[in-house]
Amino acid sequence: MSADHDTPRLAEDVGFLLSRASGMAVRSTNAALQPWDLRVRQYSVLSLLAERAEGISQRELAEFLGLDPSQVVALVDDLQRAGHVVRLADPQDRRMRLVTLTASGRVHFAGAVPAADRAMAAALGALSPSETRTLGELLARVVQRNLHGG
């Protein structure tokens with residue numbers, strides 16, 4: 001308990017709060033993405049690919065998403081079966097495969113964006129737009145520092 005014994009210490013623990021807020025946001029976003037037969041991780045892959053017309057390797061996807069490469073293989077397999085992505089030979093290194101968004105995957109992703117945005121806005125509804133931007137900036141700094149061994 002905190003010094004005043006009214007608030008459990010855990011309710012003030014930043015790590016716990018980050019985990020709890022993340023879980024809440026993921027659950028609400030997964031529910032919002034259900035009509036598109038997507039989950040947050042799949043949506044994240046499509047989002048990255050929508051910004052990278054040239055494609056991205058599965059290794060890079062794993063690093064960026066903070067997932068084990070085997071998890072990314074399964075994600076990409078699911079998205080490929082659905083027709084949203086393809087694996088193409090890298091023109092710079094024929095041994096490497098790049099994951100790219102298909103035309104139908106791009107349309108599918110674009111349709112899901114508003115639902116994901118609404119779910120995130122609802123999850124962060126207790127914050128003002130300025131606070132939401134600040135939170136995003138702070139979390140980006142934490143992630144970047146930890147990605148680069150800081």
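The values are calculated or read from the model by the stated rules, or taken from the named source; none is laboratory data. The model shown is predicted, which means the values in this text are computed figures rather than measured ones. Cβ coordinates were reconstructed from backbone atoms using ideal geometry, including for glycine residues, and neighbour counts include every protein chain displayed.
For the stretch 92-150, filtering for residues that are closer than 23 Å to residue 34 by Cβ and surrounded by 10 or more Cβ atoms within 10 Å (Cβ to Cβ) leaves 23. Just one residue in the set 75, 88, 38 is closer than 17 Å to residue 107 by Cα and of a type outside the set (Lys, Arg); that residue is 38.
Checking each residue in the stretch 99-150 for being modelled with pLDDT of 95 or more and among the basic types (Lys, Arg) picks out 106, 118, 133. Would you mind stating whether residue 132 is in a helix (DSSP H, G or I), of a type in the set (Ser, Thr, Tyr) and either out of contact with any Ser or Thr (no Cβ under 6 Å at 6 or more places or on another chain) or touching a residue at least 24 places away in the same chain (Cβ under 8 Å) (or both)? Yes.
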